[in-house]
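The values are calculated or read from the model by the stated rules, or taken from the named source; none is laboratory data. Not measured: the values here are computed from a predicted model. Don't worry about glycine lacking a Cβ; one is built from the backbone with ideal geometry, like all the others, and counts go over all protein chains shown. SASA here: full protein model, heavy atoms, side chains in, ligands and nucleic acids out. Shrake-Rupley method; radii C 1.70, N 1.55, O 1.52, S 1.80 Å.
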Amino acid sequence: MGKRVLVIGAGIAGLSAAGYLQRNGFDTEIFELHDKAGGLCTSWTRDGYSFDGCVHWLMGSGPASNLHELWKELGAADLRYVEWDVYTSARLSDGDTFNLYTDPDRLEAEILRLGPADGAVARLVAANVRRTSRLDMPAALDKLKPGAALALAARLPSALLLAPWIKKSVADLVRPVKSARLREGFERLFGDAMDELPAAALFMMLGFMAKKSSGYPIGGSLAFARALEADYLSRGGKIRYKSRVDEILVEGGRAVGLRGAWGSETADYVVSAADGYDTVKRLLGGRYPHPDLEASFADQGGPGAMKRYPSLIYLSLGLAADFSAQPHSQVFTLDEPLALEGGALGVKRFPLRLYHFDPTSAPAGKTAATVMVETGNDAYWTGLKAKDPAAYAAEKAETARKLIGALDRFVPGLAAAVETVDLATPATFIRYTNNWRGSYEGWLPTGGAMGKKIARTLPGLANFHMVGQWTNAGGGLPPCAIEGRRLAKRLCKAEGRRFRPD
Ligand SMILES: Cc1cc2nc3c(=O)[nH]c(=O)nc-3n(C[C@H](O)[C@H](O)[C@H](O)COP(=O)(O)OP(=O)(O)OC[C@H]3O[C@@H](n4cnc5c(N)ncnc54)[C@H](O)[C@@H]3O)c2cc1C
């Protein structure tokens, strides 16, 4: 057997890293605190409904991107994916709808429909979506087929034209818009995120959707995670569930194992695919500061700090009616903010997803639905839960009641159809994934963080590596696979082995 590698966390990063290492002759084992794989990439069942907690768009779902090769290697390419014609839509104040089409021609026409005088913006958006649809991820370069290197070189001008939009926000893109209706459409689609979301990220998302390689796996996010888990286990990998890690053991400046309530294990290498803050501050006791993350850990508003994705209030509804005539994804804007969290959170915009595109999500004739509301007030929920579990349960029920009431104004008949209600709070995210303050995706790609290089090793600590959303600004699933693959390559090199991806 090869060198022993212990991995913390069976999220997509842990499964990817362990998967690539296992097939390259390393003896790997994953320690996971939950009783199932997936981490944030998960779904759960209630009363015959399956509620999805993650994938809206999986880059690489279709074969038009080289990321697809990674998902193929990891065992997830055989799932059936739904690719979007309209990613989402926003209801305008006059009752009209702004559809975010993924086909650049249709998107251009839609922008022109709402803003006939805004041809320049329409053409600019469509041109950049076309450009990004021709681009790919440099991640899997060794998977390039013969001749593909030339094709990549031919894409260079597109990449260069896109580059300025990395620094500019969606608000910068929308600034020249003349039509009030079109402006309202963009504002309702993106809300406050518009000021910070890099326009390049929007183009990239739509570009991958345009080439039908950024969809949703039928069966949901847990089916996706389970495909990776099955592939890993079939190669001899091992996962210890309900096994929280409490300490990374270090001897003479080398990571040598893990310890938890379950005991301890030794290893030649330790990989943390768990929360970044917890890894550095608790599991390593803060003795090995992270070269790029300490400012962000210390003060979220401070100079040079990257901002964390907030946590979520996540409402799942089982609806005893067929809502397939409604769009699968819509964003609604209220005239008056809805007061949640004892009045501390005023919600003006909220998105509704209706999963009628996935027959596994609900019994025939019924519909699974989710609503996600961002919140930075994790302390409110964790405090309430710790202090008064009955008050916590009551607050969850009241929050669900308010959100259902608000939804009913936009989707008549929704409230009457509700037969199952499930509300996850930041306390739920922390309990099941241990992410820092319940964050749902690591570091935001805003304020220049997009593309920022974040160290995956710590000075003074040998044989230790970090992978996953906390070492890739912007988070998401593709970086988990990319990082896992890169790590396996690095360890193969260190051990004098030739890396093989499949
Ligand atoms: C609502 C929502 C929608 C999203 N939509 C998308 C999308 O459309 N596309 C996309 O690409 N991404 C999306 N994401 C983001 C994506 O899910 C995450 O970025 C990604 O799953 C992170 O994977 P990870 O393995 O790095 O971390 P995690 O999923 O957090 O996995 C870490 C794992 O480590 C375990 N763990 C933590 N601490 C310990 C410990 N001490 N001991 C043992 N185990 C431990 C956790 O239980 C967990 O299983 C979404 C996320 C959410 C919540």
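Across the range 30-71, what is the total count of residues that are part of a strand (DSSP E or B) and acidic (Asp, Glu)?
Taking the range 30-71 first, the residues part of a strand (DSSP E or B) are 30-31, 38, 43-46, 49-52, 58-59.
Filter once more, so that each one left must be acidic (Asp, Glu): 52.
The qualifying residues number 1.
Of all residues in the range 255-272, how many are hydroxyl-bearing (Ser, Thr, Tyr) and either more than 18 Å from Asp27 (Cβ to Cβ) or open to solvent by less than 50 Å² (accessible area, probe 1.4 Å) (or both)? Walk me through how you get there before you give the answer.
In the first step, residues of the range 255-272 are kept if they are hydroxyl-bearing (Ser, Thr, Tyr); the result is 264, 266, 269, 272.
Subset that is either more than 18 Å from Asp27 (Cβ to Cβ) or open to solvent by less than 50 Å² (accessible area, probe 1.4 Å) (or both): 269, 272.
Counting residues in the range 255-272 that are hydroxyl-bearing (Ser, Thr, Tyr) and either more than 18 Å from Asp27 (Cβ to Cβ) or open to solvent by less than 50 Å² (accessible area, probe 1.4 Å) (or both) gives 2.
Scan the range 416-446 for residues that are open to solvent by 40 Å² or more (accessible area, probe 1.4 Å) and assigned to a helix (DSSP H, G or I) and jot them down.
Ala416, Ile430, Arg431, Tyr432, Arg437
Are there any pairs with C-beta distances below 6 angstrom linking a residue in the range 269-296 that is touching a residue at least 40 places away in the same chain (Cβ under 8 Å) to a residue that is assigned to a helix (DSSP H, G or I) and more than 11 Å from the ligand (Cβ to nearest atom), with the two at least 6 apart or on different chains, and if so which?
From residues that are touching a residue at least 40 places away in the same chain (Cβ under 8 Å), the pairs are Tyr277/Phe297; His290/Val280.
Which residue, of Asp195, Asp231, is over 17 Å from the mean Cα position of the chain (by Cα) and open to solvent by 40 Å² or more (accessible area, probe 1.4 Å)? If you could, list the steps in order and put the result at the bottom.
On the way: Asp231 fails: open to solvent by 40 Å² or more (accessible area, probe 1.4 Å).
Every option except Asp195 fails the conditions.
What's the number of the condition Asp358 fails, among (1) open to solvent by 10 Å² or more (accessible area, probe 1.4 Å); (2) in contact (Cβ under 8 Å) with a residue 60 or more places away in the chain; (3) of a type in the set (D, E, K, R)?
With (1) open to solvent by 10 Å² or more (accessible area, probe 1.4 Å); (2) in contact (Cβ under 8 Å) with a residue 60 or more places away in the chain; (3) of a type in the set (D, E, K, R) applied to Asp358, the lone miss is (1).
Okay, residues lined up against (1) within 16 Å of the ligand (Cβ to nearest atom); (2) assigned by TED's automatic domain parsing to the domain that holds Gly9; (3) surrounded by 20 or more Cβ atoms within 10 Å (Cβ to Cβ):
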{"position": "Asp27", "(1), (2), (3)": "no, yes, no"}
{"position": "Asp35", "(1), (2), (3)": "yes, yes, no"}
{"position": "Gly48", "(1), (2), (3)": "no, no, no"}
{"position": "Phe51", "(1), (2), (3)": "yes, no, yes"}
{"position": "Ala90", "(1), (2), (3)": "no, no, yes"}
{"position": "Ser93", "(1), (2), (3)": "no, no, no"}
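Of (1) over 20 Å from Gly53 (Cβ atoms); (2) open to solvent by less than 60 Å² (accessible area, probe 1.4 Å), Thr399 satisfies all except one. Which?
(1)
Looking at Gly304, Gly285, which one is within 16 Å of the ligand (Cβ to nearest atom), over 18 Å from Val5 (Cβ atoms) and not in a helix (DSSP H, G or I)? Talk me through it step by step, then tell me what you get.
Numbers: Gly304 fails: within 16 Å of the ligand (Cβ to nearest atom).
Answer to the check: Gly285.
Does Asn434 count as under 25 Å from Gly475 (Cα atoms) and either within 26 Å of the chain's Cα centre (by Cα) or among the aliphatic types (A, V, I, L, M) (or both)?
It is true that Asn434 is under 25 Å from Gly475 (Cα atoms) and either within 26 Å of the chain's Cα centre (by Cα) or among the aliphatic types (A, V, I, L, M) (or both).
Being open to solvent by 10 Å² or more (accessible area, probe 1.4 Å), closer than 30 Å to Arg4 by Cα and away from the ligand (no atom under 16 Å from the Cβ) is true for just one of Pro478, Pro459. Which residue is that?
The conditions single out Pro459.
Could you figure out which of (1) out of contact with any Lys or Arg (no Cβ under 7 Å at 6 or more places or on another chain); (2) open to solvent by less than 30 Å² (accessible area, probe 1.4 Å) isn't true of Gly376?
It is condition (2) that Gly376 fails.
State all residues of the range 331-346 that are away from the ligand (no atom under 16 Å from the Cβ) and surrounded by 14 or more Cβ atoms within 10 Å (Cβ to Cβ); if no residue qualifies, say none.
Listed by number, the residues that qualify are Phe332, Thr333, Leu334, Leu338, Leu340, Glu341, Leu345.
Scan the range 174-192 for residues that are surrounded by fewer than 20 Cβ atoms within 10 Å (Cβ to Cβ) and not in a helix (DSSP H, G or I) and jot them down.
Arg175, Pro176, Lys178, Ser179
I'd like the full set of residues that are farther than 14 Å from Lys212 by Cβ and of a type in the set (Ser, Thr, Tyr), limited to the range 77-115.
Thr88, Ser89, Ser93, Thr97
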